[in-house]
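Participant: Take a look at this one; I'll ask things after.
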Amino acid sequence: MEIPFLSIKTINEKHENSLYAAFKDFLNSGNYILGQSVKSFETNFAKYCEAKYCVGVANGLDALVMILNSFNFSKDTEIIVPANTYFATILAIKIAGLKPILIEPNLKDYLINVENIKKAINKNTSAVLAVNLYGRMCDFRKITEICQKNNLKLIVDAAQSHGAEFDNSKDCFGADAIAYSFYPTKNLGALSDAGAVVTNNEAIASNVQRNRNYGSEQKYQFDSLGTNSRLSELQAAFLDIKLKQLDLEIGRRREIAGRYLSEIINNRLILPPSDKTNQDAWHLFVVRTENRDSLKRFLLNKQIGFDIHYPIPPHKQKALAEFEELELPITETIHQTILSLPLNSTLKEEEVDYIITSLNSY
Ligand SMILES: *Cc1c(COP(=O)(O)O)cnc(C)c1O
């Protein structure tokens, strides 16, 4: 049996008829920038996230940059961020002209470590940028308490966690603003680049709304130096269609993850955590293993697709040579030992069986 790590084509095939119809409506509307579909998706996604405002932007990186810009932090103030995140989180801080402070995550759930946040805070700290990595929410109750005590903003990179819940709520408790990406492989994926800022703060929402459109609220009137980062009208129409099925698809992800967690029994593999309160959206199912090369060879042989999220930590990237000397042993261990197994709503039961049986024989 050959199982790809992920087939975006198969995921989108399920929506084929609705997507064709949406394109036809889009073409016939004659209104191709910031039209009715963007408005409709913004309303629906805000509601889905249990938040007051959603502003569509061009991609997840821009969502992060525009959130950071909306606070008017003075240059070089420090933003605390987990060292094991995807490169774009840290890139956004650099683009905004601020200073990323990379801290070690928890080894058990790969999320930002609350004690390490406390240790990193000093008079130059302006915000914590937490990342719901792999689809799981951070401990926002504790993080919010620290942020409030120290007068820090709390920003969330939720590019991987559409649909994640804590205590049956999708609200990122206490966060000032949340950045989403709808890159095609995400839990809610467009058919091109797309992103959004979600917030309960009206000032942030209107700031991002103005700045995604050059800094203009009224035609030919420019109030700030913004950028062009509008959410595509066509992608918004596609996203609105896929949003309706999102909870169903996440439900299927949870079913498969549940089977992996209870049926993969192999002491060479460390499985991700799971608990009833923190309801993971299972963007990725990440295991850890001592000898990853051997597991890779095994999976190749079994024709089971896999990926590594991510093989090189940000502080070891050429583009971030300034962090080269940082000692981050937990982050490095994670990057050396993790591997992502196939997990998406299109996996068939017999494919899940095959993956489990194979791994139990590894
Ligand atoms: C995908 C992703 C981004 C970037 O989103 P784009 O839409 O590709 O710009 C940022 N952070 C994380 C954690 C991501 O997974």
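The values are calculated or read from the model by the stated rules, or taken from the named source; none is laboratory data. The structure presented is a predicted model; accordingly, all values stated were derived computationally and were not measured. Because the Cβ atoms are built from the backbone with ideal geometry, glycine has one as well, and the counts that use them run over all protein chains shown. Note: areas computed on protein heavy atoms with side chains; ligands, DNA, RNA excluded. Shrake-Rupley method; radii C 1.70, N 1.55, O 1.52, S 1.80 Å.
Participant: Cβ-Cβ below 9 Å, separation at least six or inter-chain, first residue in the range 51-69 and assigned by TED's automatic domain parsing to the domain that holds K39, second at pLDDT below 95: which pairs?
Facilitator: Here the result reads A51/K170; A51/D171; A51/C172, each pair linking the range 51-69 to a residue that is at pLDDT below 95.
Participant: Oh, and also: Pairs needed: first member in the range 180-191, in the same structural domain as L64 (by TED's automatic domain parsing); second member anywhere, among the aromatic types (F, W, Y) and more than 10 Å from the ligand (Cβ to nearest atom); C-beta distance under 8 Å; at least 6 residues apart or different chains.
Facilitator: Cβ pairs passing all conditions: Y180/F45; A190/F238; L191/F238.
Participant: Next question, about the same structure. Could you tell me whether any residue of the range 317-330 is open to solvent by 20 Å² or more (accessible area, probe 1.4 Å), assigned to a loop (DSSP other than H, G, I, E, B) and within 16 Å of the ligand (Cβ to nearest atom)?
Facilitator: Yes: one or more hits.
Participant: All but one of (1) more than 16 Å from the ligand (Cβ to nearest atom); (2) touching a residue at least 60 places away in the same chain (Cβ under 8 Å) hold for R254, so report the exception by its number.
Facilitator: (2)
Participant: Still on this structure, please answer the following. Restrict the check to the range 267-285 and report whether at least one residue is surrounded by 12 or more Cβ atoms within 10 Å (Cβ to Cβ) and touching a Pro at 6+ places or on another chain (Cβ under 7 Å).
Facilitator: For the range 267-285, residues surrounded by 12 or more Cβ atoms within 10 Å (Cβ to Cβ) and touching a Pro at 6+ places or on another chain (Cβ under 7 Å): present.
Participant: What about K39, is it among the basic types (K, R) and more than 15 Å from the ligand (Cβ to nearest atom)?
Facilitator: yes
Participant: Are any of the residues in the range 122-140 within 12 Å of the ligand (Cβ to nearest atom), crowded, with 24+ Cβ neighbours inside 10 Å and among the hydroxyl-bearing types (S, T, Y)?
Facilitator: For the range 122-140, residues within 12 Å of the ligand (Cβ to nearest atom), crowded, with 24+ Cβ neighbours inside 10 Å and among the hydroxyl-bearing types (S, T, Y): absent.
Participant: Also, quick follow-up: What residue, of K39, K9, K47, K52, is of a type in the set (K, R) and in contact with a strand residue (DSSP E or B) (Cβ under 8 Å, 6 or more places away or on another chain)?
Facilitator: K52 is the lone residue from the list that is of a type in the set (K, R) and in contact with a strand residue (DSSP E or B) (Cβ under 8 Å, 6 or more places away or on another chain).
Participant: In the range 290-305, what count of residues is obtained for those that are surrounded by fewer than 16 Cβ atoms within 10 Å (Cβ to Cβ) and part of a loop (DSSP other than H, G, I, E, B)?
Facilitator: 3
Participant: Can you pull out every residue in the range 316-362 that is hydrophobic (A, V, I, L, M, F, W, C) and closer than 24 Å to K99 by Cα?
Facilitator: Once the filter is applied, which keeps residues that are hydrophobic (A, V, I, L, M, F, W, C) and closer than 24 Å to K99 by Cα, the range 316-362 yields A319, L320, A321, F323, L326, L328, I330, I334.
Participant: Right, another one. Quick check on my filter: what residues within the range 104-136 are over 20 Å from L339 (Cα atoms) and either under 19 Å from the mean Cα position of the chain (by Cα) or in a helix (DSSP H, G or I) (or both)?
Facilitator: Those that are over 20 Å from L339 (Cα atoms) and either under 19 Å from the mean Cα position of the chain (by Cα) or in a helix (DSSP H, G or I) (or both): N113, V114, E115, N116, I117, K118, K119, A120, A127, V128, L129, A130.
Participant: How many residues does the range 45-101 hold that are within 21 Å of N187 (Cα to Cα), away from the ligand (no atom under 16 Å from the Cβ), of a type in the set (G, A, S) and open to solvent by 10 Å² or more (accessible area, probe 1.4 Å)? Write out each step before concluding.
Facilitator: Quick first cut of the range 45-101, residues within 21 Å of N187 (Cα to Cα) only: 45-51, 53-64, 84-89.
So of that shortlist, the ones also away from the ligand (no atom under 16 Å from the Cβ) come out as 46-51, 53.
Among the residues that remain, those that are also of a type in the set (G, A, S) are: 46, 51.
If we keep only those that are open to solvent by 10 Å² or more (accessible area, probe 1.4 Å) as well, we get 51.
Within the range 45-101, residues that are within 21 Å of N187 (Cα to Cα), away from the ligand (no atom under 16 Å from the Cβ), of a type in the set (G, A, S) and open to solvent by 10 Å² or more (accessible area, probe 1.4 Å) number 1.
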